[in-house]
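Below is one structure, written out as structure tokens; comments come after it.
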Amino acid sequence: MKTAIHGKNIVLGVCGGIAAYKSVELLRLLKKQEANVRVIMTQNAREFVGPMTFEALSGLPVCSDIFERGADASIRHIEWAEEADAVVIAPATANIIGKFANGIADDALSTFMLAVTSRQILCPSMNANMYLSNAVQRNLEILRSDGYFIVEPGSGDLACGTTGPGRLPEPEEIADRILYSFTKKDMNGKKILVTAGPTREHSDPVRFISNPSSGKMGYAIAKAAEHRGGEVILVTGPTNLAPPSHITVVSVKSAKEMAQAVFDNMENSHIVIKTAAVADYRPKEMADQKVKKGTDDEKVLHLEKNQDILKELGRRKQDQILVGFAAETEKLEKHAGKKLAEKNLDIIAGNLVSRPDSGFGTDTNQVTLFYRNGTKEALPVMEKDAVAHILLDRVAGLKS
Ligand code: PMT
């Protein structure tokens, strides 16, 4: 999928820290999204990772000396600075943070940085006491007010033996923040409630009724909404996906729990997007202990109806934008249209879940959007991340 960093020129600055190895993976993730990445290393960084690794992955020579000889080496830092759409410093040591904050230009990276006019993303990583020191905190404050985007370090046991803040976030998290910095912020100030995943309706502690929802579609919507500046609450059934960062995640199991979490948060939300595959029925009785096999060849499980959460949202709706999904195996337009009307929705995203490239568990989806005014829009098969952004484009186009 083409993300917001596709084709962008990104300069990756690597400093001398034990976390420098993570920059290799970061470079790989950026290249995967087809960004053009150039690497500048400090001399100390070369003690931790060889420039050959970065050159092989970026396909471009690494710069670490402003005085090196070569075709255009002497002006390289100015040229790269002018062409850059973003500069990412990962890991950023206390030393380089001090240089950037005070305008010191005594090596390739710090000299280059003074010429940069594009967005600057800094990922500090160091010993916890160093990170918390007055000098580093003061310098970071200066850089924040200079417009630097600081990716806060993680906390925990650090390689140096200390415990506390200072750990370089995982490359996926840094790549996510880079994407965030490139995404338009048309959802600023909006509170967005998203549901995702399946529900589980237990008949005893080890058995339940559920469905194959992986949560991918709902998580993609939640992440896209956060990238666009929204304040996102994700109510999720059980999935194997990592909880997305910068999003409030409420984990639930059953439809009853999902209903409660959704109703608790509905009134404060401007936009509600219900992607979750909620079980329509639950076992009428829930045994306290595991039910034994017994001698019967057949067994009957009595079910009772779960509340239709979305229908109730539609009933309570005031000025929120309400979006549903319809998972169908046939007659998409007829069934989705009925749900749109019955549940008082603004948009319903219908997907034929019988297609191999669509619906449950897949990375792609083929969705048709049905609008309240009777119009529809069939989207081609695309990555769920791309579907999420188009859906949010359409939501942003509606008046709330
Ligand atoms: O999670 P993935 O693996 O990525 O798969 C994505 C998906 C197939 C689950 C998703 O694209 C999708 O179609 N989600 C809706 C699934 C569903 O429950 O569809 P439905 O047609 O049964 O329900 C219609 C709408 O009513 C849905 O928005 C649903 O959240 C809501 N509903 C349904 C029943 C119920 N008791 N309460 C509800 O709120």
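Worth a mention:
- Taken over segment 139-151, residues that are surrounded by fewer than 12 Cβ atoms within 10 Å (Cβ to Cβ) and not hydroxyl-bearing (Ser, Thr, Tyr) amount to 2.
- Selection status of residue 330, in contact with a strand residue (DSSP E or B) (Cβ under 9 Å, 6 or more places away or on another chain), part of a loop (DSSP other than H, G, I, E, B) and under 20 Å from residue 200 (Cα atoms): no
- Sole exception among (1) hydroxyl-bearing (Ser, Thr, Tyr); (2) open to solvent by less than 30 Å² (accessible area, probe 1.4 Å); (3) part of a loop (DSSP other than H, G, I, E, B) for residue 368, by number: (3)
- Residue check for residue 241: within 16 Å of the ligand (Cβ to nearest atom) and assigned to a strand (DSSP E or B): no
- Which numbered condition residue 300 misses (of (1) aliphatic (A, V, I, L, M); (2) open to solvent by less than 80 Å² (accessible area, probe 1.4 Å); (3) not in a strand (DSSP E or B)): (2)
- Check on residue 249, touching a strand residue (DSSP E or B) at 6+ places or on another chain (Cβ under 6 Å), within 13 Å of the ligand (Cβ to nearest atom) and at negative phi: no
- Test: residue 32 is under 30 Å from residue 381 (Cβ atoms), charged (D, E, K, R), open to solvent by 60 Å² or more (accessible area, probe 1.4 Å) and not assigned by TED's automatic domain parsing to the domain that holds residue 120: no
- Taking helices (runs of 4 or more DSSP H) as the structural unit, those lying wholly within segment 1-102 and holding at least 2 residues that are touching a helix residue (DSSP H, G or I) at 6+ places or on another chain (Cβ under 6 Å) and closer than 20 Å to residue 151 by Cα correspond to 20-32, 94-102.
- The residue that is surrounded by the fewest Cβ atoms within 10 Å (Cβ to Cβ), among those in segment 69-90 that are at pLDDT 90 or above and touching a strand residue (DSSP E or B) at 6+ places or on another chain (Cβ under 6 Å), is 83.
- In segment 310-348, the qualifying residues are those that are closer than 17 Å to residue 392 by Cβ and within 7 Å of the ligand (Cβ to nearest atom), and the one that is least open to solvent (accessible area, probe 1.4 Å) is 324.
The values are calculated or read from the model by the stated rules, or taken from the named source; none is laboratory data. What you are looking at is a predicted structure, and each value in this text was computed from that prediction instead of being measured. Reconstructed Cβ throughout: ideal geometry from the backbone, glycine too, with neighbour counts over all protein chains shown. We work out accessible area using only protein heavy atoms, side chains counted, and drop any ligands, DNA or RNA first. Shrake-Rupley method; radii C 1.70, N 1.55, O 1.52, S 1.80 Å.
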